[in-house]
Amino acid sequence: MAAACRRAGRGRDDVELMAVTKTYPAATVAEAAGLGLRLFGENRVQEFAAKAAELEGLRRGGAAGGAGGGPVRVHLIGHLQTNKAARAAELFDAVDAVDSVRLAERVNEAAGRLGKRLPVLIEVKLSPEETKAGLEPESEEAAELLERLPGLEHLETRGLMTIAPWGAAEDVTRACFRSLREWRERWAAAHPRLGLDVLSMGMSGDFGLAIEEGATRIRIGTALFGKRKPYRGPE
């Protein structure tokens, strides 16, 4: 991360590290927190629900927090079904994969019932792969969501996230990350009431390119914890 920041002429503090702990137990999160990590990403509501009780002390910033200080934060970074919006709002500190007006409205309603103002990111689909989630940036749905979000008072829009095409050439990956930055600049100018400071892009195999193209948050799992086993539990 430091080397990529130097190449880009950026400060190391400009980029936040999110540790992705999907498929790993609560003990792994606690160990990473003991080494100073404070931001974690999980992909599935039900999987994290099974870990949440064990991590409650860390999330409140208790003595178990270890080096680095401050409470642990856990964001939902995987696709969220609308029927799980209420549980997600209850469990997570932020939802980083809002990709429809309907989902945003459901999360907003759930956060309101909980008395929360929940940070969210808009997930943007910049890859042709059918398996990738997110909003097509030129779609009517994207335009409607951007217009609707300022009125959802229990959501705090923080920025955008995307996933680059899997195994693509460097120029294709760079183009994806550069495109997200350009959409952020365009949307920030057109929608000044929205906070779009966060660019969440880049994973273990391409985070250096993401940093060079403007990422403010990278999501790292394999490079920190090793190759994970396929998830076999509830969604």
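Laboratory data are not the source of any read-out in this text; all were calculated from the coordinates shown. Only a predicted model underlies this, so the values are computations on that prediction, with no experimental measurement involved. Because the Cβ atoms are built from the backbone with ideal geometry, glycine has one as well, and the counts that use them run over all protein chains shown.
Could you work out the helix-only [θ] at 222 nm for the chain, with each DSSP H run of four or more residues adding -39,500 (n - 2.57) and the total divided by the number of residues, to the nearest 500 deg cm²/dmol?
So the helix-based figure for the chain works out to -10500 deg cm²/dmol.
What net charge is computed for the residues neighbouring A143, neighbours being all others with C-beta under 13 Å from the C-beta of A143, Lys and Arg scored +1, Asp and Glu -1?
Summing Lys and Arg as +1 and Asp and Glu as -1 gives -4.
Extension gain L114-E31, at 0.36 nm per residue separation less the Cα-Cα distance, in nm?
Separation in residues times 0.36 nm, less the Cα-Cα distance, equals 26.9 nm.
Would you please give the residues with an amide H less than 5 Å from that of T157, counting only those at least 5 places away or on a separate chain, with H modeled from the backbone geometry?
Amide H to amide H, under 5 Å and 5 or more residues apart or across chains, T157 pairs with V120, G195.
T222 versus S204, label points 7 Å from Cα toward the beta carbon: distance in nm?
0.6 nm
Would you grab the residues whose amide H sits under 5 Å from the one on L135? Only those 5+ places off in sequence or on another chain, please, with H modelled 1.01 Å from N.
Excluding prolines and chain starts, which carry no amide H, the hits are E123, V124, K125.
Rounded to whole Hz and in sequence order, give me ³J(HN,Hα) for the stretch 193-203 from the Karplus expression 6.51 cos²θ - 1.76 cosθ + 1.60, θ = phi - 60°, writing x for Gly and Pro.
These are the phi-based 3J(HN,Hα) values: 7, 8, x, 10, 6, 8, 10, 9, 7, x, 10 Hz.
For Cα Rg over 2.2 N^0.38 Å, several values are listed as (i) 1.12; (ii) 0.98; (iii) 1.21; flag the one computed from this structure.
(ii)
Under the Karplus relation 6.51 cos²θ - 1.76 cosθ + 1.60, θ = phi - 60°, what is the ordered set of whole-Hz ³J(HN,Hα) values for the stretch 85-102, x standing for Gly and Pro?
The phi angles translate into 4, 5, 5, 5, 4, 6, 7, 9, 7, 6, 10, 9, 9, 6, 9, 7, 5, 4 Hz.
Set the Förster distance to 25 Å, then compute FRET efficiency between E147 and A175 from the Cβ-Cβ distance, nearest 0.05.
0.35
Please list, in chain and number order, the residues 5+ apart from A97 or on another chain whose amide H is under 5 Å from its amide H, with Hs placed from the backbone.
Close amide H contacts, sequence-distant or interchain: L121.
What does the charge count near E170 come to, summing +1 for each Lys or Arg and -1 for each Asp or Glu among other residues with Cβ under 14 Å from its Cβ?
Taking every Cβ under 14 Å from that of E170, the sum is -1.
What are the ³J(HN,Hα) values, in whole Hz, obtained from phi via the Karplus relation 6.51 cos²θ - 1.76 cosθ + 1.60 with θ = phi - 60°, for each residue of the stretch 159-170 in sequence order, with x given for Gly and Pro?
For the stretch 159-170, the Karplus-derived couplings read x, 10, 9, 8, 10, 6, x, 5, x, 7, 5, 4 Hz, x marking Gly and Pro.
Spin-label point model (7 Å from Cα, Cβ direction): what's the R6 to E56 distance in nm?
About 4.6 nm, to one decimal.
Quick one: putting +1 on the C-beta of Lys and Arg, -1 on the C-beta of Asp and Glu, what dipole do you get for the stretch 19-76 around its Cα centre, in Debye to the nearest 20?
Roughly 160 debye for the stretch 19-76.
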